[in-house]
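Presented below is the structure to which this report refers.
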Amino acid sequence: MTLRVDGKKVPAREGESVAVALYASGRTVFGRSVKYHRPRGPSCFSGKCDGCLMRVDGIGNVMTCQVPAREGLVVETQNVVGSAKNDLLAATDWFFPNGMNHHEMFTAWKPLNQVMQKIARRIAGIGELPSEAVAAMKSIEESCDVLVVGAGPAGLIAARECARAGLSTTVVGDAAVAGGHLAYHCDEGARARGRSLADAALASGVRFLLAHTAVGVYDGLVLVDGANGVHEIRPRRLVLATGSHEGALAIEGADLPSVMGVRAMSILLHAGVVAGESVVVVGDEPLAASLAAALTEAGVRVQRMAANEIEAIHGRARAKSVSFRRGDKSASIDCDAVALAAPLSAAYELPSQAGAKVLWQKNRFVVDASRDDGAAGSAFVRVVGECTGLEDFADIEGQASRAAARIREELTT
Ligand code: FES
């Protein structure tokens with residue numbers, strides 16, 4: 001199929017997202033940062049950053065990694081003067097190399113300040129209003145015994161156990177397939193585990209709302225957004241298995257296009273696209289190792305380094321080299337993409353809105369829920385899985401199963 005991107009034809013394959021199609025076509029810069037107009041590209045491929053925002057079919061600020069490619073889809077760059085790659089507004093970054101305090105700039109004389117505000121409104125911000133008003137949709141009201149948010153391992157296990165006890169159970173997942181990060185893992189064994197968990201949940205009678213996002217919890221009502229409109233779901237119990245966001249390393253150049261998390265690069269590779277011809281994989285966790293092996297098998301030149309060795313990533317429209325320190329020697333290597341295995345950070349937004357506490361623990365945020373059964377301070381909600389700080393599959397499985405057992409006891413006695 002063919003997309004129309006900034007007036008040009010870009011080929012895309014059925015089933016892939018717009019962002020994957022654009023990256024496969026060689027585009028790394030999708031947009032510009034709000035204030036300094038620095039180049040931005042996808043860094044998560046899972047709806048968790050803002051690197052892939054573009055205008056799609058007349059609607060601004062669309063996460064293109066979440067939009068399936070469709071024949072004739074019109075995709076446009078936003079927030080630039082010129083093109084995404086050569087944006088005149090990037091002069092802001094050049095004029096203010098040490099940063100800009102826009103709160104106090106030109107505030108001494110009111111007329112000048114008013115002119116500056118007009119200019120700032122033109123330069124800053126992202127996107128414009130849709131070309132046409134979007135027609136109102138009626139929300140779909142429904143209820144169930146258990147609503148599970150998150151279709152990763154923890155969510156699937158909890159859902160399976162609840163459904164086996166005869167409770168009506170619905171799972172909401174952002175991605176188009178169930179399994180969470182296991183669905184895109186470079187290791188075949190991990191992918192098979194994700195598939196079998198999804199199959200077992202389905203066989204137990206779990207209902208799936210995939211490619212749907214739970215956007216809020218309001219007094220026992222969960223708002224779920226999907227292509228057919230908004231569902232207002234009122235469950236008797238809510239299980240939040242929202243997983244993690246890939247963190248970032250606090251180094252210069254970590255925000256350059258073609259620099260992404262190891263999970264993001266795995267998603268891209270799973271879609272049949274290599275992130276570059278010469279990739280640096282940073283980190284020694286198992287996913288980084290299996291990504292490096294899979295990239296090598298795909299014919300990519302891979303170089304690996306530990307997270308504490310890397311000093312900076314250099315480039316503009318994409319990464320060009322990485323400088324690092326090994327022992328007391330500094331060196332630099334060329335590349336055209338970088339995968340970073342940074343510490344994960346809990347996707348705590350929904351648990352926090354549902355009343356759970358968030359803790360700063362061992363250099364990252366986690367949701368304060370029982371590691372035993374996911375209890376998080378109220379009978380209505382349980383929080384399970386990676387977002388509670390668990391990493392080991394056996395621990396996650398135990399916690400999710402026990403959370404489901406408690407819910408079964410509460411709802412069936
Ligand atoms: S939100 Fe699309 S790449 Fe991160």
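The table below lists the values:
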item	result
Filter result for the condition that a residue is assigned to a helix (DSSP H, G or I) and outside the structural domain of Gly374 (by TED's automatic domain parsing), over Ala317, Ala312, Ala288	Ala288
Count - residues of the range 333-367 that are part of a strand (DSSP E or B) and acidic (Asp, Glu)	1
Single condition Ala154 does not satisfy, out of (1) at pLDDT below 95; (2) not in a loop (DSSP other than H, G, I, E, B)	(1)
Considering residues of the range 56-65 that are outside any strand (DSSP E or B) and crowded, with 19+ Cβ neighbours inside 10 Å only, the residue nearest to the ligand (Cβ to nearest atom)	Cys65
Any hit, the range 71-84, residues being assigned to a helix (DSSP H, G or I) and either buried (at least 16 other Cβ atoms within 10 Å of the Cβ) or β-branched (Val, Ile, Thr) (or both)	no
Of all residues in the range 205-222 being over 23 Å from Ser17 (Cβ atoms) and either outside the structural domain of Glu349 (by TED's automatic domain parsing) or surrounded by fewer than 17 Cβ atoms within 10 Å (Cβ to Cβ) (or both), the one that is farthest from the chain's Cα centre (by Cα)	Gly205
Residue count, the range 317-346 (criterion: touching a Phe, Trp or Tyr at 6+ places or on another chain (Cβ under 6 Å) and surrounded by fewer than 22 Cβ atoms within 10 Å (Cβ to Cβ))	1
Every residue from the range 121-130 that is more than 14 Å from Ser33 (Cα to Cα), of a type outside the set (D, E, K, R) and surrounded by 12 or more Cβ atoms within 10 Å (Cβ to Cβ)	Pro130
Of all residues making up the range 168-200, the number that are surrounded by fewer than 22 Cβ atoms within 10 Å (Cβ to Cβ) and either touching a Cys at 6+ places or on another chain (Cβ under 9 Å) or not assigned by TED's automatic domain parsing to the domain that holds Ala405 (or both)	1
Criterion (without any contact (Cβ under 8 Å) to a residue 60 or more places away in the chain, within 16 Å of the ligand (Cβ to nearest atom), β-branched (Val, Ile, Thr) and not assigned by TED's automatic domain parsing to the domain that holds Asn228) met by exactly one of Val29, Val18, Val80, Val75	Val18
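For (1) out of contact with any strand residue (DSSP E or B) (no Cβ under 9 Å at 6 or more places or on another chain); (2) touching a residue at least 24 places away in the same chain (Cβ under 8 Å), each residue gets a yes or a no:
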position	(1), (2)
Asp6	no, yes
Arg13	yes, yes
Ser25	no, no
Lys85	no, yes
Met105	yes, no
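For (1) surrounded by fewer than 17 Cβ atoms within 10 Å (Cβ to Cβ); (2) more than 13 Å from the ligand (Cβ to nearest atom), each residue gets a yes or a no:
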{"position": "Arg13", "(1), (2)": "yes, yes"}
{"position": "Tyr23", "(1), (2)": "no, no"}
{"position": "Ser33", "(1), (2)": "no, yes"}
{"position": "Met54", "(1), (2)": "no, no"}
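The values are calculated or read from the model by the stated rules, or taken from the named source; none is laboratory data. Please read all numbers here as calculations on a predicted model, not as lab measurements. Cβ: placed from backbone, ideal geometry, glycine included. Neighbour counts: every protein chain shown.
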